[in-house]
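In what follows, a structure is listed as C-alpha coordinates, so that the remarks can point back to it.
The values are calculated or read from the model by the stated rules, or taken from the named source; none is laboratory data. Just so it is clear, the structure is predicted and the values come from calculations on it, not from any experiment. When we count neighbours, we look across all protein chains shown, and the Cβ atoms used for this are built from the backbone with ideal geometry, even at glycine.
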Amino acid sequence: MNETMSDIGMIGLAVMGRNLVLNMAEHGVTVSVYNRTESVTRAFVEGLEPGWTIRACYSIPELIGSLKRPRRIMLMVKAGKAVDAVIDELTPYLQAGDIVIDGGNSHFTDTAARERLLAEKGVHFLGVGISGGEFGARTGPSMMPGGAAEAYEVVRPVFEAITARVQGEPCVAYMGPGAAGHYVKMVHNGIEYGLMQLIAETYALMKQGLGLSNDGLAGVYAEWNAAELRSYLVEITADIMRRRDQTSGGHLVDVILAEAGQLGTGMWTSQSALDLGVPVPTIDAAVSARSLSASADTRRSVAAAFAAPGAAGGVDAGAETVRSSADPSPAFARDVTVDTVRNALYAAMIVTYAQGFAQLRSASAALGLSLSLQQVAAVWRGGCIIRADLLESIRNAFVRQPDVANLLADPALARTVTEHRLDLARAVVAAASDEVSAPCLSASLAYIDSIRAPWLPANLIQAQRDYFGAHTYLRVDMPGVFHTDWQAEERKG
(Lines give C-alpha, C1' and ligand atoms only; values in the text may rest on other atoms or scores of the structure.)
Protein backbone atom coordinates (compact mmCIF):
# COMPACT_ATOMS: atom_id res chain seq x y z
CA MET A 1 0.00 0.00 0.00
CA ASN A 2 1.08 3.61 -0.33
CA GLU A 3 2.16 5.80 2.59
CA THR A 4 -1.18 7.56 3.15
CA MET A 5 -2.51 7.56 6.69
CA SER A 6 -4.79 4.70 7.69
CA ASP A 7 -8.49 5.12 8.41
CA ILE A 8 -8.53 2.85 11.45
CA GLY A 9 -6.20 0.77 13.62
CA MET A 10 -6.83 -2.79 14.80
CA ILE A 11 -5.20 -4.23 17.91
CA GLY A 12 -5.57 -7.99 18.17
CA LEU A 13 -5.26 -10.41 15.25
CA ALA A 14 -6.97 -13.52 16.53
CA VAL A 15 -9.83 -15.01 14.52
CA MET A 16 -12.29 -12.11 14.89
CA GLY A 17 -9.71 -9.34 14.59
CA ARG A 18 -8.02 -10.53 11.44
CA ASN A 19 -11.30 -11.30 9.68
CA LEU A 20 -12.70 -7.87 10.51
CA VAL A 21 -9.51 -6.34 9.09
CA LEU A 22 -9.93 -8.26 5.83
CA ASN A 23 -13.59 -7.24 5.71
CA MET A 24 -12.68 -3.58 6.21
CA ALA A 25 -9.89 -3.62 3.64
CA GLU A 26 -12.14 -5.32 1.10
CA HIS A 27 -14.55 -2.39 1.50
CA GLY A 28 -11.90 0.22 0.79
CA VAL A 29 -10.90 1.00 4.39
CA THR A 30 -7.18 1.40 5.03
CA VAL A 31 -6.24 -0.47 8.22
CA SER A 32 -3.14 -0.45 10.42
CA VAL A 33 -2.76 -3.65 12.44
CA TYR A 34 -0.86 -4.48 15.60
CA ASN A 35 -0.64 -7.59 17.74
CA ARG A 36 1.33 -7.89 20.97
CA THR A 37 3.10 -10.94 19.55
CA GLU A 38 5.10 -9.61 16.63
CA SER A 39 5.22 -12.97 14.82
CA VAL A 40 1.40 -12.99 14.62
CA THR A 41 1.39 -9.61 12.86
CA ARG A 42 4.19 -10.65 10.52
CA ALA A 43 2.51 -13.94 9.60
CA PHE A 44 -0.77 -12.17 8.93
CA VAL A 45 0.59 -9.56 6.52
CA GLU A 46 2.97 -11.97 4.80
CA GLY A 47 0.02 -14.21 4.02
CA LEU A 48 -1.81 -11.44 2.15
CA GLU A 49 -2.00 -11.18 -1.61
CA PRO A 50 -0.62 -7.91 -3.08
CA GLY A 51 -2.96 -4.94 -3.11
CA TRP A 52 -4.52 -5.16 0.37
CA THR A 53 -4.79 -1.76 2.08
CA ILE A 54 -3.35 -3.12 5.33
CA ARG A 55 -0.27 -1.74 7.12
CA ALA A 56 1.65 -3.81 9.67
CA CYS A 57 2.78 -2.00 12.83
CA TYR A 58 5.09 -3.46 15.47
CA SER A 59 4.63 -1.01 18.33
CA ILE A 60 1.89 1.14 19.79
CA PRO A 61 3.66 4.41 18.83
CA GLU A 62 4.01 3.16 15.25
CA LEU A 63 0.32 2.26 15.15
CA ILE A 64 -0.76 5.63 16.55
CA GLY A 65 1.51 7.49 14.16
CA SER A 66 0.00 5.74 11.14
CA LEU A 67 -3.59 6.88 11.77
CA LYS A 68 -5.63 9.82 10.52
CA ARG A 69 -7.05 12.20 13.12
CA PRO A 70 -9.20 11.77 15.01
CA ARG A 71 -7.54 8.42 15.53
CA ARG A 72 -9.83 5.40 15.55
CA ILE A 73 -8.38 2.34 17.28
CA MET A 74 -10.35 -0.89 17.57
CA LEU A 75 -9.48 -3.52 20.17
CA MET A 76 -10.23 -7.17 19.49
CA VAL A 77 -8.56 -8.71 22.51
CA LYS A 78 -9.78 -11.00 25.27
CA ALA A 79 -12.30 -9.35 27.57
CA GLY A 80 -11.18 -8.34 31.05
CA LYS A 81 -7.68 -7.38 32.13
CA ALA A 82 -6.29 -7.56 28.59
CA VAL A 83 -8.53 -4.68 27.50
CA ASP A 84 -7.41 -2.53 30.43
CA ALA A 85 -3.77 -3.36 29.69
CA VAL A 86 -4.09 -2.22 26.08
CA ILE A 87 -5.90 0.97 27.11
CA ASP A 88 -3.09 1.70 29.58
CA GLU A 89 -0.56 1.32 26.74
CA LEU A 90 -2.55 3.54 24.41
CA THR A 91 -3.43 6.35 26.81
CA PRO A 92 -0.10 8.25 26.77
CA TYR A 93 -0.36 8.60 22.97
CA LEU A 94 -4.01 9.56 22.68
CA GLN A 95 -5.33 13.09 22.18
CA ALA A 96 -8.71 14.70 22.73
CA GLY A 97 -11.20 13.53 20.11
CA ASP A 98 -9.53 10.18 19.50
CA ILE A 99 -11.81 7.12 19.62
CA VAL A 100 -11.05 3.77 21.26
CA ILE A 101 -13.40 0.95 20.25
CA ASP A 102 -13.75 -2.27 22.25
CA GLY A 103 -15.23 -4.95 20.00
CA GLY A 104 -14.90 -7.84 22.46
CA ASN A 105 -17.42 -9.39 24.84
CA SER A 106 -16.68 -7.05 27.73
CA HIS A 107 -18.95 -6.85 30.74
CA PHE A 108 -21.10 -3.74 30.45
CA THR A 109 -20.00 -2.39 33.85
CA ASP A 110 -16.36 -2.52 32.69
CA THR A 111 -17.32 -0.64 29.53
CA ALA A 112 -19.04 2.10 31.53
CA ALA A 113 -15.98 2.49 33.78
CA ARG A 114 -13.58 2.66 30.81
CA GLU A 115 -15.72 5.27 29.09
CA ARG A 116 -15.64 7.47 32.21
CA LEU A 117 -11.87 7.06 32.57
CA LEU A 118 -11.09 8.03 28.98
CA ALA A 119 -13.63 10.86 28.98
CA GLU A 120 -11.48 12.61 31.59
CA LYS A 121 -8.82 12.90 28.86
CA GLY A 122 -11.29 13.95 26.18
CA VAL A 123 -11.02 10.55 24.48
CA HIS A 124 -14.16 8.74 23.31
CA PHE A 125 -14.76 5.09 24.13
CA LEU A 126 -17.21 2.93 22.18
CA GLY A 127 -18.29 -0.47 23.46
CA VAL A 128 -19.35 -2.40 20.39
CA GLY A 129 -21.04 -5.78 20.54
CA ILE A 130 -20.20 -7.89 17.49
CA SER A 131 -21.92 -11.15 16.57
CA GLY A 132 -21.46 -13.53 13.69
CA GLY A 133 -18.40 -15.55 14.56
CA GLU A 134 -15.48 -16.04 12.19
CA PHE A 135 -17.61 -16.19 9.04
CA GLY A 136 -19.67 -13.16 10.04
CA ALA A 137 -16.60 -11.08 10.84
CA ARG A 138 -15.27 -11.79 7.37
CA THR A 139 -18.45 -11.43 5.33
CA GLY A 140 -20.76 -9.23 7.42
CA PRO A 141 -21.50 -9.35 11.16
CA SER A 142 -24.19 -7.70 13.23
CA MET A 143 -22.80 -4.78 15.25
CA MET A 144 -24.20 -3.10 18.36
CA PRO A 145 -22.26 0.10 19.16
CA GLY A 146 -22.78 2.16 22.29
CA GLY A 147 -21.10 5.26 23.69
CA ALA A 148 -21.04 8.89 22.63
CA ALA A 149 -23.28 9.50 19.61
CA GLU A 150 -20.80 11.91 18.04
CA ALA A 151 -18.05 9.28 18.22
CA TYR A 152 -20.28 6.72 16.56
CA GLU A 153 -20.94 9.12 13.69
CA VAL A 154 -17.20 9.22 12.99
CA VAL A 155 -16.95 5.42 12.64
CA ARG A 156 -20.43 4.82 11.22
CA PRO A 157 -19.33 4.73 7.54
CA VAL A 158 -16.83 1.97 8.31
CA PHE A 159 -19.30 -0.07 10.35
CA GLU A 160 -22.10 0.27 7.82
CA ALA A 161 -19.73 -0.83 5.05
CA ILE A 162 -18.71 -4.09 6.74
CA THR A 163 -21.93 -5.36 8.35
CA ALA A 164 -24.52 -7.73 6.99
CA ARG A 165 -27.51 -6.22 5.22
CA VAL A 166 -31.17 -7.23 5.32
CA GLN A 167 -33.60 -5.69 2.84
CA GLY A 168 -30.86 -3.18 2.00
CA GLU A 169 -30.45 -2.06 5.63
CA PRO A 170 -27.09 -2.46 7.40
CA CYS A 171 -27.22 -4.64 10.52
CA VAL A 172 -25.67 -1.94 12.67
CA ALA A 173 -27.24 0.98 14.51
CA TYR A 174 -26.35 3.24 17.40
CA MET A 175 -27.72 1.51 20.49
CA GLY A 176 -27.37 4.32 23.00
CA PRO A 177 -25.01 6.03 25.44
CA GLY A 178 -22.51 4.44 27.79
CA ALA A 179 -22.46 0.67 27.83
CA ALA A 180 -25.63 0.25 25.73
CA GLY A 181 -23.84 -1.69 22.98
CA HIS A 182 -22.23 -4.23 25.24
CA TYR A 183 -25.41 -4.63 27.27
CA VAL A 184 -27.39 -5.43 24.12
CA LYS A 185 -24.70 -7.92 23.03
CA MET A 186 -24.79 -9.57 26.45
CA VAL A 187 -28.55 -10.12 26.22
CA HIS A 188 -28.09 -11.31 22.63
CA ASN A 189 -25.81 -14.00 24.00
CA GLY A 190 -28.27 -14.86 26.76
CA ILE A 191 -30.98 -15.41 24.14
CA GLU A 192 -28.44 -17.44 22.19
CA TYR A 193 -27.93 -19.72 25.22
CA GLY A 194 -31.68 -20.25 25.45
CA LEU A 195 -32.17 -20.99 21.75
CA MET A 196 -29.25 -23.40 21.60
CA GLN A 197 -30.49 -25.35 24.63
CA LEU A 198 -34.03 -25.46 23.21
CA ILE A 199 -32.75 -26.92 19.94
CA ALA A 200 -30.62 -29.41 21.90
CA GLU A 201 -33.75 -30.48 23.79
CA THR A 202 -35.63 -31.07 20.55
CA TYR A 203 -32.66 -33.18 19.45
CA ALA A 204 -33.01 -35.26 22.64
CA LEU A 205 -36.78 -35.53 22.27
CA MET A 206 -36.60 -36.77 18.69
CA LYS A 207 -33.55 -39.00 19.19
CA GLN A 208 -34.51 -40.59 22.50
CA GLY A 209 -38.28 -40.27 22.29
CA LEU A 210 -39.06 -40.69 18.60
CA GLY A 211 -36.01 -42.78 17.75
CA LEU A 212 -34.88 -40.66 14.79
CA SER A 213 -31.44 -41.30 13.31
CA ASN A 214 -28.94 -38.51 12.76
CA ASP A 215 -29.70 -38.51 9.04
CA GLY A 216 -33.39 -38.35 9.84
CA LEU A 217 -32.78 -35.45 12.22
CA ALA A 218 -30.76 -33.65 9.56
CA GLY A 219 -33.74 -33.86 7.24
CA VAL A 220 -36.13 -32.65 9.93
CA TYR A 221 -34.04 -29.61 10.82
CA ALA A 222 -33.49 -28.78 7.15
CA GLU A 223 -37.26 -28.93 6.60
CA TRP A 224 -37.87 -26.72 9.63
CA ASN A 225 -35.32 -24.23 8.32
CA ALA A 226 -37.30 -23.91 5.10
CA ALA A 227 -40.39 -22.65 6.98
CA GLU A 228 -41.24 -20.49 10.00
CA LEU A 229 -38.28 -21.76 12.05
CA ARG A 230 -35.76 -20.49 9.49
CA SER A 231 -32.77 -19.31 11.47
CA TYR A 232 -29.01 -19.61 11.60
CA LEU A 233 -29.02 -22.00 14.56
CA VAL A 234 -31.55 -24.40 13.02
CA GLU A 235 -29.66 -24.25 9.72
CA ILE A 236 -26.32 -25.22 11.26
CA THR A 237 -28.00 -27.95 13.34
CA ALA A 238 -29.03 -29.67 10.09
CA ASP A 239 -25.43 -29.42 8.84
CA ILE A 240 -24.05 -30.79 12.10
CA MET A 241 -26.35 -33.81 11.96
CA ARG A 242 -25.15 -34.69 8.46
CA ARG A 243 -21.41 -34.44 9.12
CA ARG A 244 -19.48 -37.72 9.14
CA ASP A 245 -16.38 -38.28 11.27
CA GLN A 246 -13.27 -39.20 9.28
CA THR A 247 -11.76 -41.07 12.24
CA SER A 248 -14.64 -43.27 13.37
CA GLY A 249 -16.65 -43.34 10.16
CA GLY A 250 -19.81 -42.53 12.06
CA HIS A 251 -21.53 -39.21 12.63
CA LEU A 252 -19.27 -36.57 14.15
CA VAL A 253 -21.92 -35.36 16.63
CA ASP A 254 -21.91 -38.79 18.30
CA VAL A 255 -18.22 -38.62 19.23
CA ILE A 256 -18.29 -35.08 20.64
CA LEU A 257 -18.13 -35.06 24.44
CA ALA A 258 -21.48 -33.88 25.81
CA GLU A 259 -20.08 -31.05 27.92
CA ALA A 260 -21.05 -27.54 26.78
CA GLY A 261 -18.58 -24.75 27.51
CA GLN A 262 -19.44 -21.16 28.33
CA LEU A 263 -17.56 -17.86 28.43
CA GLY A 264 -19.83 -16.09 30.91
CA THR A 265 -22.16 -13.87 28.87
CA GLY A 266 -25.18 -16.08 29.53
CA MET A 267 -24.46 -16.02 33.25
CA TRP A 268 -24.04 -12.22 33.12
CA THR A 269 -27.45 -11.97 31.45
CA SER A 270 -29.08 -13.99 34.22
CA GLN A 271 -27.27 -12.03 36.94
CA SER A 272 -28.32 -8.68 35.48
CA ALA A 273 -31.90 -9.87 35.07
CA LEU A 274 -31.97 -10.84 38.74
CA ASP A 275 -30.64 -7.40 39.68
CA LEU A 276 -33.38 -5.79 37.59
CA GLY A 277 -36.11 -8.10 38.87
CA VAL A 278 -36.91 -9.30 35.34
CA PRO A 279 -37.79 -13.01 34.99
CA VAL A 280 -35.82 -14.79 32.24
CA PRO A 281 -36.38 -18.43 33.25
CA THR A 282 -35.59 -19.97 29.86
CA ILE A 283 -32.22 -18.22 29.77
CA ASP A 284 -31.57 -19.13 33.41
CA ALA A 285 -32.35 -22.78 32.69
CA ALA A 286 -30.00 -22.75 29.70
CA VAL A 287 -27.14 -21.43 31.82
CA SER A 288 -27.81 -24.10 34.45
CA ALA A 289 -28.03 -26.81 31.78
CA ARG A 290 -24.52 -25.98 30.57
CA SER A 291 -23.21 -26.21 34.13
CA LEU A 292 -24.94 -29.55 34.60
CA SER A 293 -23.49 -30.86 31.35
CA ALA A 294 -20.00 -30.15 32.71
CA SER A 295 -20.74 -32.07 35.94
CA ALA A 296 -20.39 -35.55 34.46
CA ASP A 297 -18.92 -37.13 37.62
CA THR A 298 -21.74 -35.79 39.77
CA ARG A 299 -24.37 -37.00 37.31
CA ARG A 300 -22.83 -40.47 37.26
CA SER A 301 -22.84 -40.67 41.05
CA VAL A 302 -26.47 -39.52 41.23
CA ALA A 303 -27.45 -42.02 38.53
CA ALA A 304 -25.77 -44.77 40.53
CA ALA A 305 -27.73 -43.75 43.64
CA PHE A 306 -31.00 -43.86 41.71
CA ALA A 307 -30.08 -47.33 40.43
CA ALA A 308 -29.40 -48.66 43.93
CA PRO A 309 -31.81 -51.32 45.28
CA GLY A 310 -34.91 -49.71 46.69
CA ALA A 311 -34.24 -46.30 45.08
CA ALA A 312 -37.13 -44.53 43.41
CA GLY A 313 -37.12 -44.09 39.66
CA GLY A 314 -35.57 -47.37 38.61
CA VAL A 315 -32.83 -45.75 36.55
CA ASP A 316 -30.24 -48.23 35.30
CA ALA A 317 -26.96 -46.32 35.48
CA GLY A 318 -25.22 -48.84 33.29
CA ALA A 319 -27.83 -49.04 30.57
CA GLU A 320 -27.61 -47.35 27.20
CA THR A 321 -29.70 -44.19 27.56
CA VAL A 322 -30.04 -43.27 23.89
CA ARG A 323 -32.53 -45.39 22.01
CA SER A 324 -32.00 -46.51 18.46
CA SER A 325 -34.36 -45.55 15.66
CA ALA A 326 -35.89 -49.01 15.94
CA ASP A 327 -36.88 -48.48 19.56
CA PRO A 328 -38.95 -45.31 19.97
CA SER A 329 -40.54 -44.54 23.32
CA PRO A 330 -44.14 -45.72 23.72
CA ALA A 331 -45.01 -42.45 25.49
CA PHE A 332 -43.74 -40.40 22.57
CA ALA A 333 -45.28 -42.63 19.94
CA ARG A 334 -48.63 -42.11 21.64
CA ASP A 335 -48.55 -38.37 22.32
CA VAL A 336 -45.81 -36.60 20.34
CA THR A 337 -44.83 -36.31 16.67
CA VAL A 338 -42.14 -34.35 14.84
CA ASP A 339 -44.74 -31.67 14.16
CA THR A 340 -45.48 -31.49 17.90
CA VAL A 341 -41.81 -30.88 18.62
CA ARG A 342 -41.55 -28.27 15.86
CA ASN A 343 -44.49 -26.31 17.25
CA ALA A 344 -43.10 -26.60 20.78
CA LEU A 345 -39.77 -25.20 19.63
CA TYR A 346 -41.39 -22.29 17.79
CA ALA A 347 -43.44 -21.27 20.83
CA ALA A 348 -40.41 -21.57 23.11
CA MET A 349 -38.26 -19.52 20.74
CA ILE A 350 -40.80 -16.68 20.84
CA VAL A 351 -40.79 -16.91 24.63
CA THR A 352 -36.99 -16.72 24.76
CA TYR A 353 -36.86 -13.60 22.60
CA ALA A 354 -39.68 -12.11 24.70
CA GLN A 355 -37.68 -12.62 27.88
CA GLY A 356 -34.56 -11.04 26.38
CA PHE A 357 -36.41 -8.01 25.05
CA ALA A 358 -38.22 -7.59 28.39
CA GLN A 359 -34.81 -7.45 30.05
CA LEU A 360 -33.59 -4.87 27.53
CA ARG A 361 -36.66 -2.72 28.17
CA SER A 362 -36.09 -2.77 31.93
CA ALA A 363 -32.35 -2.18 31.62
CA SER A 364 -32.89 0.73 29.25
CA ALA A 365 -34.92 2.55 31.90
CA ALA A 366 -32.90 1.48 34.95
CA LEU A 367 -29.44 2.03 33.45
CA GLY A 368 -30.20 4.98 31.17
CA LEU A 369 -29.36 3.10 27.95
CA SER A 370 -32.05 4.79 25.77
CA LEU A 371 -32.56 1.64 23.70
CA SER A 372 -34.88 1.38 20.71
CA LEU A 373 -36.10 -2.22 20.81
CA GLN A 374 -37.31 -1.93 17.23
CA GLN A 375 -33.78 -1.01 16.23
CA VAL A 376 -32.29 -3.89 18.23
CA ALA A 377 -34.59 -6.36 16.48
CA ALA A 378 -33.65 -4.89 13.10
CA VAL A 379 -29.91 -5.21 13.77
CA TRP A 380 -30.32 -8.83 14.86
CA ARG A 381 -32.09 -9.88 11.64
CA GLY A 382 -28.80 -10.54 9.84
CA GLY A 383 -25.19 -11.39 10.52
CA CYS A 384 -25.59 -12.48 14.15
CA ILE A 385 -25.88 -15.94 15.69
CA ILE A 386 -29.54 -15.49 16.74
CA ARG A 387 -30.72 -14.21 13.36
CA ALA A 388 -34.06 -15.69 12.41
CA ASP A 389 -37.10 -14.91 10.29
CA LEU A 390 -38.94 -14.51 13.59
CA LEU A 391 -37.05 -11.27 14.23
CA GLU A 392 -38.95 -9.59 11.40
CA SER A 393 -42.18 -10.36 13.25
CA ILE A 394 -40.63 -9.07 16.44
CA ARG A 395 -39.55 -5.84 14.79
CA ASN A 396 -43.06 -5.41 13.39
CA ALA A 397 -44.46 -5.87 16.90
CA PHE A 398 -42.37 -2.92 18.09
CA VAL A 399 -43.41 -0.90 15.03
CA ARG A 400 -47.05 -1.48 15.96
CA GLN A 401 -46.51 -0.73 19.64
CA PRO A 402 -43.06 0.63 20.56
CA ASP A 403 -43.86 0.62 24.28
CA VAL A 404 -45.35 -2.89 24.46
CA ALA A 405 -44.49 -4.21 27.91
CA ASN A 406 -43.74 -7.74 26.73
CA LEU A 407 -43.71 -9.29 23.27
CA LEU A 408 -46.30 -11.83 24.43
CA ALA A 409 -48.70 -8.88 24.77
CA ASP A 410 -48.48 -8.34 21.00
CA PRO A 411 -51.67 -9.85 19.52
CA ALA A 412 -49.95 -11.50 16.55
CA LEU A 413 -47.20 -13.16 18.59
CA ALA A 414 -49.64 -14.07 21.37
CA ARG A 415 -51.86 -15.77 18.79
CA THR A 416 -48.95 -17.87 17.54
CA VAL A 417 -47.92 -18.89 21.04
CA THR A 418 -51.52 -19.74 21.91
CA GLU A 419 -51.81 -21.93 18.81
CA HIS A 420 -48.66 -23.85 19.77
CA ARG A 421 -48.98 -23.92 23.56
CA LEU A 422 -50.70 -27.33 23.66
CA ASP A 423 -47.92 -28.88 21.60
CA LEU A 424 -45.35 -27.33 23.94
CA ALA A 425 -47.23 -28.83 26.89
CA ARG A 426 -47.39 -32.23 25.19
CA ALA A 427 -43.65 -32.17 24.54
CA VAL A 428 -42.92 -31.23 28.16
CA VAL A 429 -45.24 -33.93 29.55
CA ALA A 430 -43.77 -36.59 27.26
CA ALA A 431 -40.23 -35.55 28.17
CA ALA A 432 -41.02 -35.73 31.89
CA SER A 433 -42.77 -39.08 31.65
CA ASP A 434 -39.92 -40.56 29.61
CA GLU A 435 -37.11 -39.05 31.74
CA VAL A 436 -35.76 -36.84 28.94
CA SER A 437 -34.28 -33.65 30.37
CA ALA A 438 -36.00 -30.59 28.87
CA PRO A 439 -35.43 -27.69 31.29
CA CYS A 440 -35.81 -24.87 28.77
CA LEU A 441 -38.96 -26.21 27.15
CA SER A 442 -40.40 -26.64 30.66
CA ALA A 443 -39.35 -23.15 31.73
CA SER A 444 -40.85 -21.66 28.57
CA LEU A 445 -44.19 -23.35 29.20
CA ALA A 446 -44.23 -22.17 32.82
CA TYR A 447 -43.39 -18.62 31.68
CA ILE A 448 -46.33 -18.58 29.27
CA ASP A 449 -48.72 -19.82 31.92
CA SER A 450 -47.38 -17.45 34.57
CA ILE A 451 -47.23 -14.23 32.56
CA ARG A 452 -50.78 -14.66 31.23
CA ALA A 453 -52.27 -15.77 34.55
CA PRO A 454 -54.83 -13.37 36.11
CA TRP A 455 -53.99 -14.90 39.51
CA LEU A 456 -50.82 -16.46 40.92
CA PRO A 457 -50.52 -18.07 44.36
CA ALA A 458 -48.20 -15.34 45.64
CA ASN A 459 -50.77 -14.33 48.25
CA LEU A 460 -49.81 -17.48 50.16
CA ILE A 461 -46.12 -16.58 49.90
CA GLN A 462 -46.81 -13.11 51.25
CA ALA A 463 -48.82 -14.62 54.11
CA GLN A 464 -45.89 -16.92 54.90
CA ARG A 465 -43.51 -13.95 54.88
CA ASP A 466 -45.75 -12.06 57.25
CA TYR A 467 -46.08 -15.16 59.48
CA PHE A 468 -42.37 -15.74 60.05
CA GLY A 469 -40.96 -12.28 59.47
CA ALA A 470 -43.72 -9.70 60.00
CA HIS A 471 -43.15 -8.43 56.45
CA THR A 472 -46.78 -7.18 56.21
CA TYR A 473 -49.16 -7.52 53.29
CA LEU A 474 -51.68 -5.61 51.20
CA ARG A 475 -55.35 -6.54 50.90
CA VAL A 476 -57.57 -6.77 47.83
CA ASP A 477 -60.61 -5.33 49.60
CA MET A 478 -59.26 -2.25 51.40
CA PRO A 479 -56.28 0.15 51.27
CA GLY A 480 -53.43 0.09 53.75
CA VAL A 481 -50.58 -2.12 54.95
CA PHE A 482 -51.46 -4.97 57.31
CA HIS A 483 -49.79 -7.41 59.68
CA THR A 484 -51.39 -10.37 61.43
CA ASP A 485 -50.24 -11.96 64.66
CA TRP A 486 -50.55 -15.44 63.17
CA GLN A 487 -49.74 -17.28 66.39
CA ALA A 488 -52.12 -15.36 68.64
CA GLU A 489 -54.63 -18.21 68.70
CA GLU A 490 -51.92 -20.67 69.76
CA ARG A 491 -50.94 -18.47 72.67
CA LYS A 492 -54.55 -18.16 73.77
CA GLY A 493 -54.88 -21.90 73.75
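Somewhere in region 288-298, is a residue exposed (fewer than 12 other Cβ atoms within 10 Å of the Cβ), at pLDDT below 65 and either in contact with a His (Cβ under 6 Å, 6 or more places away or on another chain) or assigned by TED's automatic domain parsing to the domain that holds Leu217 (or both)? So far as region 288-298 goes, no, none of its residues is exposed (fewer than 12 other Cβ atoms within 10 Å of the Cβ), at pLDDT below 65 and either in contact with a His (Cβ under 6 Å, 6 or more places away or on another chain) or assigned by TED's automatic domain parsing to the domain that holds Leu217 (or both). Within the option set Asp98, Asp88, Asp84, being of a type outside the set (A, V, I, L, M) and closer than 30 Å to Ser270 by Cα holds for one residue only, Asp84. When the helices (runs of 4 or more DSSP H) confined to region 390-484 are screened for residues that are assigned by TED's automatic domain parsing to the domain that holds Lys207 and either in contact with a Pro (Cβ under 7 Å, 6 or more places away or on another chain) or closer than 16 Å to Leu345 by Cα (or both), those reaching at least 2 such residues are found at 390-400, 411-433, 439-451.
Annotation note: Cβ proximity below 9 Å between a residue of region 31-43 that is assigned by TED's automatic domain parsing to the domain that holds Asn19 and free of Cβ contacts under 8 Å to residues at least 40 places away in the same chain and a residue that is surrounded by 18 or more Cβ atoms within 10 Å (Cβ to Cβ) and aromatic (Phe, Trp, Tyr) (sequence gap 6+ or interchain) occurs for Val33/Phe44; Asn35/Phe44; Thr41/Tyr34. Return a yes/no flag: does region 124-143 have any residue that is farther than 24 Å from Ala273 by Cα, at pLDDT below 95 and more than 20 Å from the chain's Cα centre (by Cα). The answer is no; no qualifying residue exists. Glu490 meets each of the listed conditions (1) farther than 19 Å from Tyr203 by Cα; (2) modelled with pLDDT of 95 or more apart from (2).
For beta carbons closer than 8 Å, sequence separation of 6+ or different chains, a first residue in region 343-363 that is within 17 Å of Leu276 (Cα to Cα) and a second that is modelled with pLDDT under 95, the qualifying pairs are Ala358/Ala405; Arg361/Ala405.
Here Thr340 clears all of (1) closer than 30 Å to Asp275 by Cα; (2) among the hydroxyl-bearing types (Ser, Thr, Tyr); (3) in a helix (DSSP H, G or I) except the condition numbered (1).
Each row is one residue, and each column tells you yes or no for (1) touching a Ser or Thr at 6+ places or on another chain (Cβ under 6 Å); (2) modelled with pLDDT under 95; (3) acidic (Asp, Glu).
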residue: Ser39; (1), (2), (3): no, no, no
residue: Glu46; (1), (2), (3): no, yes, yes
residue: Glu49; (1), (2), (3): no, yes, yes
residue: Thr53; (1), (2), (3): yes, yes, no
residue: Ile73; (1), (2), (3): no, no, no
residue: Ala79; (1), (2), (3): yes, yes, no
residue: Asp102; (1), (2), (3): no, no, yes
residue: Ala112; (1), (2), (3): no, no, no
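Assess whether Thr247 counts as being over 19 Å from Gly136 (Cβ atoms) and either outside the structural domain of Leu205 (by TED's automatic domain parsing) or touching a residue at least 60 places away in the same chain (Cβ under 8 Å) (or both). No; evaluated as a whole, the condition is false for this residue.
The residue that is surrounded by the fewest Cβ atoms within 10 Å (Cβ to Cβ), among those in region 227-244 that are free of Cβ contacts under 8 Å to residues at least 24 places away in the same chain and within 21 Å of Ala347 (Cβ to Cβ), is Ala227. Just to be sure before I move on: is Arg426 within 21 Å of Ala204 (Cβ to Cβ) and of a type in the set (Lys, Arg) in the structure I sent? It is true that Arg426 is within 21 Å of Ala204 (Cβ to Cβ) and of a type in the set (Lys, Arg). Checking each residue in region 149-176 for being of a type in the set (D, E, K, R) and part of a helix (DSSP H, G or I) picks out Glu150, Glu153, Arg156, Glu160.
Out of everything in region 362-389 that is part of a helix (DSSP H, G or I) and of a type in the set (Val, Ile, Thr), what residue ends up being nearest to Gly176 (Cα to Cα)? Among residues in region 362-389 that are part of a helix (DSSP H, G or I) and of a type in the set (Val, Ile, Thr), the one nearest to Gly176 (Cα to Cα) is Val376. Considering Gln208, Gln167, the condition of being at positive phi and more than 22 Å from the chain's Cα centre (by Cα) is satisfied by Gln167 alone. In region 37-67, of all residues being among the hydroxyl-bearing types (Ser, Thr, Tyr) and assigned to a helix (DSSP H, G or I), the one that is surrounded by the fewest Cβ atoms within 10 Å (Cβ to Cβ) corresponds to Ser39. Take the conditions (1) in contact with a Ser or Thr (Cβ under 8 Å, 6 or more places away or on another chain); (2) closer than 25 Å to Ser444 by Cβ; His182 misses just one of them, which is (2).
Among the residues of region 436-444, is any farther than 28 Å from Met206 by Cβ and in contact with a helix residue (DSSP H, G or I) (Cβ under 7 Å, 6 or more places away or on another chain)? Within region 436-444 (the criterion being farther than 28 Å from Met206 by Cβ and in contact with a helix residue (DSSP H, G or I) (Cβ under 7 Å, 6 or more places away or on another chain)), the answer is no, since none of the residues qualifies.
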